[in-house]
Amino acid sequence: GVVHRDVKPSNALFDLVTRRAALSDFGVARAPDAQASRSGVLIGSPVYMAPELLAGQSASASSDLYALAVLSYELLAGRAPFAAASMGALLRAVAQAAPPPLATLRPDLPEAVAARLDRWLAPLLAKAPSRRPADGEVWAEGEHAVARELGIGPS
């Protein structure tokens with residue numbers, strides 16, 4: 001019931017022994033129906049911000065899922081899906097560009113694996129919030145299914 005608003009690598013904790021992940025730093029988090037304290041101020045890290053946030057819309061569970069997808073893409077590809085030389089170019093890329101297929105950044109991955117991961121991430125990286133999964137449970141179920149398909153997760 002809380003929107004984190006700043007999902008990024010430095011706020012993600014991973015326990016490799018228990019294979020669990022958690023988010024930290026809820027300093028800018030809000031309840032979904034809470035009003036922002038200042039109008040017109042971007043809160044969060046632009047690389048991980050959903051396109052609707054850049055357009056001035058309110059943060060939501062969907063924008064947190066988008067940021068989680070960017071983080072997942074970065075873990076898989078070794079870089080975020082959008083990079084640019086200037087802040088303006090970065091914001092345009094987040095708002096308009098499609099992420100590069102993982103196979104272009106990870107030629108070491110078998111093509112079928114890269115394609116499966118791209119299909120898993122695509123809805124999460126959708127520009128329109130209405131095209132993203134409804135909640136984190138949907139994302140987690142998809143993540144577990146992909147891991148099982150690839151033989152890297154619990155059966």
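Any idea of the accessible area per residue across segment 91-142, 1.4 Å probe, to the nearest Å²?
On the way: 3020 Å² over 52 residues.
Dividing the accessible area of segment 91-142 by its residue count gives 58 Å².
I'd like to know how segment 66-119 sits against the 2.2 N^0.38 Å rule of thumb: what's its Cα Rg over that expected value?
Values: Rg = 11.6 Å, N = 54, 2.2 N^0.38 = 10.0 Å.
This ratio for segment 66-119 stands at 1.16.
Given a Förster distance of 30 Å, report the FRET efficiency between ASP108 and ALA22 from their Cβ-Cβ distance, rounded to the nearest 0.05.
Working: r = 29 Å, r/R0 = 0.97.
Here the calculated transfer efficiency is 0.55.
Enter the mean projected area of the convex hull around the alpha-carbon atoms of segment 41-93, in nm², rounded to one decimal.
Numbers: hull surface 14.3 nm².
That works out to 3.6 nm², a quarter of the Cα hull's surface.
With all protein chains present, how much of the accessible area of segment 72-155 (probe radius 1.4 Å) comes from carbon and sulfur, to the nearest whole percent? Show your work: numbers first, answer last.
Values: 2830 of 4840 Å².
Ligands and nucleic acids excluded, carbon and sulfur reach 58 percent.
Starting from the 7 Å offset along Cα-to-Cβ, what nm value, one decimal, do you get for the label separation of GLN96 and LEU54?
With each label placed 7 Å out from Cα toward Cβ, I get 1.0 nm.
Ratio of alpha-carbon Rg to the 2.2 N^0.38 Å globular estimate for segment 52-141, to two decimals, please.
Working: Rg = 13.2 Å, N = 90, 2.2 N^0.38 = 12.2 Å.
The reported ratio for this selection is 1.09.
The values are calculated or read from the model by the stated rules, or taken from the named source; none is laboratory data. Because the structure is predicted, anything quoted here is derived from the model rather than measured. Every residue, glycine as well, gets a Cβ built from its backbone with ideal geometry; the counts of neighbours run over all protein chains shown. Just the protein is used for accessible areas: all its heavy atoms, side chains included, with ligands, DNA and RNA removed. Shrake-Rupley method; radii C 1.70, N 1.55, O 1.52, S 1.80 Å.
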